[in-house]
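Encoded as structure tokens, the structure appears first; notes follow it.
No value in this document is a laboratory result; all are computed from the given coordinates. For clarity, every value in this text was computed on a predicted model and none was experimentally measured. Backbone-built Cβ (ideal geometry, glycine too); neighbour counts: all protein chains shown.
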Amino acid sequence: MKKYFTLVLFVGLLAIACTPSSPGGEIDESSTQEVLDHHWKTFVENDLEGVMEDYTEESILITPNGTYRGLQEIRENFVNAFKAFPAGEATLTLTESLAVQDVGYILWEADTPAFNLTYATDTFIIRNGKIIRQTYAGVREDK
């Protein structure tokens, strides 16, 4: 009986975790877009605390340089990113921002004192106003 109860409890929790966040069963794309907009704004401003508001301890960020899990590792990634994109010295240009259900996508480029990003892209899974999964890739040309 205990194994059966544990299995039922697990399946029930899994079903709740996979349920869309809005009451009508639809995912609010405007909420996804709001998180994308906030994330871009705070990233461009080198606002570490603002960027970190978008993540939770369960968030995972995957980049070509490594996988970052949880707030501490993601914070360390952005500390380094802000060194690479110094405020007032780097120009970041957002060329595309899309929200489709709980998936966000941005395409961007950057000009910094040390390098150019001729193509950069991030994909986000956003739930309940937070980035739970993110991937990044970019094409860098050193100056």
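Electrostatic tally near Asp28: other residues with Cβ closer than 15 Å to its Cβ, Lys and Arg +1, Asp and Glu -1, net -3. Loop-located GluC sites (Glu not before Pro) in the range 34-143 (DSSP state other than H, G, I, E, B) with a sparse environment of at most 10 neighbouring Cβ atoms within 10 Å: Glu89. Charge dipole (Cα centre; +1 on Lys/Arg Cβ, -1 on Asp/Glu Cβ; no other charges) of the range 26-142 amounts to roughly 340 debye.
Under 13 Å from the Cβ of Ile62, count the other residues' Cβ atoms, weight Lys and Arg +1, Asp and Glu -1, and hand me the total. Taking every Cβ under 13 Å from that of Ile62, the sum is 0.
For Asn128 and Asn116, the difference between the fully extended length at 0.36 nm per residue and the C-alpha to C-alpha distance is 0.9 nm. A Förster radius of 25 Å, combined with the Cβ-Cβ distance separating Glu53 from Val79, puts the computed FRET efficiency at roughly 0.95. Could you tell me the calculated FRET efficiency between Arg140 and Val103, based on Cβ-Cβ distance and R0 = 22 angstrom, to the nearest 0.05? Here the calculated transfer efficiency is 0.30. Remark: spin-label model distance Leu92-Glu29 equals 2.5 nm, labels positioned 7 Å along the Cα→Cβ axis.
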